[in-house]
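**Q** The following block contains the structure, expressed as structure tokens.
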Amino acid sequence: MVIFRGSIVVKLAALLLVTLGLTGAGTGRSAAVAQTQSTNDNAHAARLAEEWVKNNPPGRTKAEALPVVKDNRYPQVSPEEREAIGLPAPTWVATYGKVQPAVRAALDHQKKLIEGGDPMVEFQGDRHVGFQGTAYVDVYLRHGPKGKPTSTENQAAVREAQAMILRKLTAAEFALIFAFKSAAGLTGYVDEAGLAKLVDDPDVVAIGLDDQARPKDPPAAMKEPPAPGTVQRRSERRGKVDVSVYDALEKSTDGYVFVDVGVTQIPLEKGAFWQQYEAKEAAARRVAGRVLSTLTAEEFRCRSRSGSSFAGFVNAAGLAKLAAHPDVRGAELLTPAVFHGDVKENAK
């Protein structure tokens with residue numbers, strides 16, 4: 001009987017060893033499969049990148065490691081100049097996949113700045129006010145070319161490809177700064193959540209750090225000043241929105257107007273003023289982020305985020321959402337010029 005039990009123990013031990021051996025082999029195979037899958041994914045992404053280069057206007061041959069910054073600010077160019085500069089070939093895709101390593105490095109740098117607790121981090125000169133935690137990127141999109149890049153048909157296809165992506169992102173995840181006319185690409189500020197969406201989207205070919213001057217915003221309608229000698233009346237409102245916003249939207253040539261949006265004010269608690277002020281501002285930014293998360297990146301193109309307000313270009317659908325949101329106090333018509341400072345070369 002003892003021998004029988006011993007035999008069972010030996011068999012069980014042998015079975016356990018075999019099982020462990022198989023498990024170890026399985027783990028090795030799983031790693032190998034994962035590595036093969038990663039290689040295949042990069043190869044597929046590289047093929048898409050090659051297609052993108054063939055189907056879009058020729059741009060620069062390479063991307064710089066770091067963006068061009070002068071006097072701690074990005075210089076500005078006209079939209080036409082930025083269009084002509086174009087996009088570099090996404091050469092990093094074959095080695096690293098969709099995302100250029102510099103993009104993740106920029107986001108990591110932002111994370112360290114924020115975690116450092118510097119209250120001035122939102123006023124960095126290399127970005128629009130309040131875009132902490134984001135990287136300024138180029139997004140390369142897949143599209144079916146139609147004729148020459150500059151043809152009306154192809155530009156329509158490019159616009160549709162751009163719109164499809166912007167509808168999948170929230171205004172908190174991606175702030176559109178420039179949409180190319182002839183190349184299927186976008187530039188803007190993206191956060192970690194937006195980057196994850198772009199990576200998973202089959203219609204996104206590549207994401208790289210933008211290294212060029214910021215394109216100037218298009219002219220935006222402004223509130224008409226009162227006539228000389230007249231008393232300025234209190235602004236009229238339609239619900240939460242100033243009437244001038246609706247008037248400007250009716251006259252807009254591109255369907256967007258530039259607005260400043262105020263969100264629910266956070267009361268200042270008792271205690272050390274600066275500590276409480278910082279806590280209030282952080283809470284207000286969270287409220288603003290909550291509002292922006294209800295808008296798509298197509299409905300609202302954010303330009304600044306500071307405390308209890310944010311500003312940007314909004315279309316009719318986005319304005320309707322803002323007017324109905326419980327955390328929105330009001331929306332006023334503004335000019336985008338107040339958020340930009342053109343950098344001029346010093347005369348030598």
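**Q** Have a look at Thr91, Thr134 and point out the one that is more than 22 Å from Ser304 (Cα to Cα), outside the structural domain of Ser304 (by TED's automatic domain parsing) and either touching a residue at least 24 places away in the same chain (Cβ under 8 Å) or over 15 Å from the mean Cα position of the chain (by Cα) (or both).
**A** It is Thr91.
**Q** Restrict the check to region 261-268 and report whether at least one residue is modelled with pLDDT of 95 or more, out of contact with any His (no Cβ under 8 Å at 6 or more places or on another chain) and surrounded by 22 or more Cβ atoms within 10 Å (Cβ to Cβ).
**A** yes
**Q** Hey, can you tell me all the residues within region 76-91 that are hydrophobic (A, V, I, L, M, F, W, C), under 11 Å from Ala206 (Cβ atoms) and touching a strand residue (DSSP E or B) at 6+ places or on another chain (Cβ under 7 Å)?
**A** Correct list: Leu87 only.
**Q** Taking into account only those residues within region 125-178 that are basic (Lys, Arg) and farther than 18 Å from Leu87 by Cβ, which is modelled with the lowest pLDDT?
**A** Top of the filtered list is Arg127.
**Q** Would region 144-162 turn up any residue that is touching a His at 6+ places or on another chain (Cβ under 8 Å), among the small types (Gly, Ala, Ser) and either closer than 19 Å to Phe313 by Cα or surrounded by fewer than 21 Cβ atoms within 10 Å (Cβ to Cβ) (or both)?
**A** yes
**Q** Please determine whether any residue of region 137-153 is over 18 Å from Leu292 (Cα atoms), under 16 Å from the mean Cα position of the chain (by Cα) and free of Cβ contacts under 8 Å to residues at least 60 places away in the same chain.
**A** no
**Q** Looking at region 115-124, can you tell me whether even one residue there is at pLDDT 90 or above and of a type outside the set (Gly, Ala, Ser)?
**A** no
**Q** Within region 106-128, does at least one residue satisfy the condition of being within 20 Å of Gly188 (Cα to Cα), among the small types (Gly, Ala, Ser) and in contact with a helix residue (DSSP H, G or I) (Cβ under 8 Å, 6 or more places away or on another chain)?
**A** No - not one qualifying residue is present in region 106-128.
**Q** Right, another one. Specify which of the listed residues (Ala183, Ala175) is buried (at least 19 other Cβ atoms within 10 Å of the Cβ) and part of a strand (DSSP E or B).
**A** Matching residue, one of Ala183, Ala175: Ala175.
**Q** What are the residues in region 74-99 that are in a strand (DSSP E or B) and either at pLDDT below 90 or more than 19 Å from Trp52 (Cα to Cα) (or both), if any?
**A** Gln76, Val77 - these are the residues of region 74-99 that are in a strand (DSSP E or B) and either at pLDDT below 90 or more than 19 Å from Trp52 (Cα to Cα) (or both).
Yes or no, residue by residue, for (1) surrounded by 19 or more Cβ atoms within 10 Å (Cβ to Cβ); (2) modelled with pLDDT under 90; (3) on the phi < 0 side of the Ramachandran plot:
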{"site": "Gly255", "(1), (2), (3)": "no, no, no"}
{"site": "Glu278", "(1), (2), (3)": "no, yes, yes"}
{"site": "Glu298", "(1), (2), (3)": "yes, no, yes"}
{"site": "Cys302", "(1), (2), (3)": "yes, no, yes"}
{"site": "Phe310", "(1), (2), (3)": "yes, no, yes"}
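**Q** Tell me, which residue of region 186-205 that is part of a loop (DSSP other than H, G, I, E, B) and out of contact with any Asp or Glu (no Cβ under 9 Å at 6 or more places or on another chain) is nearest to Val53 (Cα to Cα)?
**A** Asp203
The values are calculated or read from the model by the stated rules, or taken from the named source; none is laboratory data. Model, not experiment: these values are computed from the prediction. All Cβ positions, even for glycine, are placed from backbone atoms using ideal geometry, and neighbour counts span all protein chains on display.
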